[in-house]
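Written below as structure tokens is the structure these notes are about.
The values are calculated or read from the model by the stated rules, or taken from the named source; none is laboratory data. If you're wondering where the values come from, they're calculated on a predicted model, not measured in any experiment. All Cβ positions, glycine included, derive from the backbone under ideal geometry; neighbour counts span all protein chains shown. Remember, those area values only see protein heavy atoms, side chains included, never the ligands or the DNA or RNA. Shrake-Rupley method; radii C 1.70, N 1.55, O 1.52, S 1.80 Å.
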Amino acid sequence: MAMELIDYLLRFIEEDAPYGDVTSAAVIPDITCDAVIRAEQGGTIAGLDEAALLFSHYGVYVKHRRKDGETVRKDDTLLSLSGDAKKILLVERTALNIIGRMSGIATWTKKMADIVSAVNPHCRVAATRKTCPGFRVLDKKAVMIGGGDPHRMNLSDGVLIKDNHLALVPFDIAIAAAKKNTAYKKIEVEAETSGNALLAVKAGADIIMLDNMSPAQITRTTAILKREGLRERVIIELSGGIDENSLARYAALDVDVISLGVLTHSVRNLSVNLEIISRITR
């Protein structure tokens, strides 16, 4: 697994330096140095393990000063580095990008998860597939570090019948076909009305995603399911149009999961920097 991860991470280095770091090769002599990575703002830190793995791959000694998932403050030292100056500079920007993006996601996820748990400890915050192409593994990991649920990793990871599927195939036929033709036991179906939610549950859906519904519509839908004796048979997920300001109001309803694309599609990077603190001549 570690080999798979380092191969994945090295693709970012190849993207940033396909023919090496020409600036460092031209101007930096063969020296070693010490450096630190520090937080420039507070938040939930993430991506330190990945950054450390990259530096270590290039022979740089790494000491963790903080751990992924911890709350950090401005000016906290996150990693201490010692090794070949050129290698440290080669990895610098990629490592900072990884830490910054993952920490931004983890910080925002924790904030949203805390809002939800304060009003409904039973409800979970989940990510979506609205991630940066090529970065999904790390985006989803950052969500988990922040206390969220990764949801589906990809289209191969589970059955979720959405509006465009249902524009082509009716509810009952789509759900029956999914149950018959997939190895996955849980079938999730998107519903935009109370009537469609009821149809989906009656057809055998295990999870219903109430998409872009108002709190009043959701309350009406759960009431209908309770009246029909179906509420306990399904997991209810909310998605669409929910932000930081409305999250608590939705979480207070009788729901189990709230999926938020904003966790990964509108990332606010947590700012970090790398500073060389001493030069060691060979």
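Taking the options Thr128, Thr94, name whichever one is touching a Phe, Trp or Tyr at 6+ places or on another chain (Cβ under 6 Å), touching a residue at least 60 places away in the same chain (Cβ under 8 Å) and not small (Gly, Ala, Ser).
Working: Thr128 fails: touching a Phe, Trp or Tyr at 6+ places or on another chain (Cβ under 6 Å).
One residue alone meets the criteria, Thr94.
Here's the yes/no breakdown for (1) closer than 27 Å to Arg11 by Cα; (2) open to solvent by 20 Å² or more (accessible area, probe 1.4 Å); (3) of a type outside the set (Phe, Trp, Tyr); (4) in contact (Cβ under 8 Å) with a residue 24 or more places away in the chain:
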| residue | (1), (2), (3), (4) |
| --- | --- |
| Lys141 | yes, yes, yes, yes |
| Ile145 | yes, yes, yes, yes |
| Lys179 | no, yes, yes, yes |
| Lys202 | no, yes, yes, yes |
| Met209 | no, no, yes, yes |
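Scanning the range 247-273 for residues that are at pLDDT 95 or above, small (Gly, Ala, Ser) and part of a loop (DSSP other than H, G, I, E, B) turns up Ala252, Ser271. Only a single item in (1) closer than 20 Å to Ala203 by Cβ; (2) touching a Leu at 6+ places or on another chain (Cβ under 7 Å) is not met by Glu232, and it is number (2). Residues being among the small types (Gly, Ala, Ser) and either at pLDDT below 90 or surrounded by fewer than 18 Cβ atoms within 10 Å (Cβ to Cβ) (or both): count how many of those fall in the range 181-200. Going through the range 181-200 one residue at a time, the tally reaches 2. Residues in the range 57-73 that are open to solvent by 80 Å² or more (accessible area, probe 1.4 Å) and closer than 16 Å to Ala106 by Cα: Lys67, Thr71, Arg73.
Taking the range 19-56 only, how many residues are of a type outside the set (D, E, K, R), open to solvent by 50 Å² or more (accessible area, probe 1.4 Å) and over 20 Å from Asp84 (Cβ atoms)? Before you say what the answer is, go through the steps one by one.
Within the range 19-56, the first condition is being of a type outside the set (D, E, K, R), and the residues that meet it are 19-20, 22-29, 31-33, 35-37, 39, 41-48, 51-56.
When the remaining residues are screened for being open to solvent by 50 Å² or more (accessible area, probe 1.4 Å), the result is 19, 22-23, 25-27, 29, 41, 53, 56.
Keeping just the survivors that are over 20 Å from Asp84 (Cβ atoms) gives 41.
Adding up the residues that qualify gives 1.
Assess whether Ser246 counts as being within 19 Å of Arg152 (Cβ to Cβ), of a type in the set (Gly, Ala, Ser) and either open to solvent by less than 20 Å² (accessible area, probe 1.4 Å) or in contact with a Ser or Thr (Cβ under 7 Å, 6 or more places away or on another chain) (or both). Here the answer is no, as Ser246 does not meet what is asked. Note on the range 81-98: residues that are open to solvent by less than 20 Å² (accessible area, probe 1.4 Å) and either within 15 Å of Ile13 (Cα to Cα) or assigned to a strand (DSSP E or B) (or both) total 8. Screening Glu237, Glu232, Glu244 for residues that are of a type in the set (Asp, Glu) and assigned to a strand (DSSP E or B) leaves exactly one candidate, Glu237.
Suppose the filter is out of contact with any strand residue (DSSP E or B) (no Cβ under 7 Å at 6 or more places or on another chain) and not in a loop (DSSP other than H, G, I, E, B); does Asn154 pass it? No, not satisfied.
Results for (1) in contact with an Asp or Glu (Cβ under 7 Å, 6 or more places away or on another chain); (2) under 21 Å from Ala118 (Cβ atoms); (3) aromatic (Phe, Trp, Tyr), shown as yes or no for each residue.
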site: Ile207; (1), (2), (3): yes, no, no
site: Gln217; (1), (2), (3): no, no, no
site: Leu225; (1), (2), (3): no, no, no
site: Arg233; (1), (2), (3): no, no, no
site: Ser239; (1), (2), (3): yes, yes, no
site: Ile242; (1), (2), (3): no, yes, no
site: Ala251; (1), (2), (3): no, yes, no
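Taking the conditions exactly as written (surrounded by 19 or more Cβ atoms within 10 Å (Cβ to Cβ) and outside any loop (DSSP other than H, G, I, E, B)), does Val137 satisfy them or not?
On the way: surrounded by 19 or more Cβ atoms within 10 Å (Cβ to Cβ): no; outside any loop (DSSP other than H, G, I, E, B): yes.
So Val137 fails the test.
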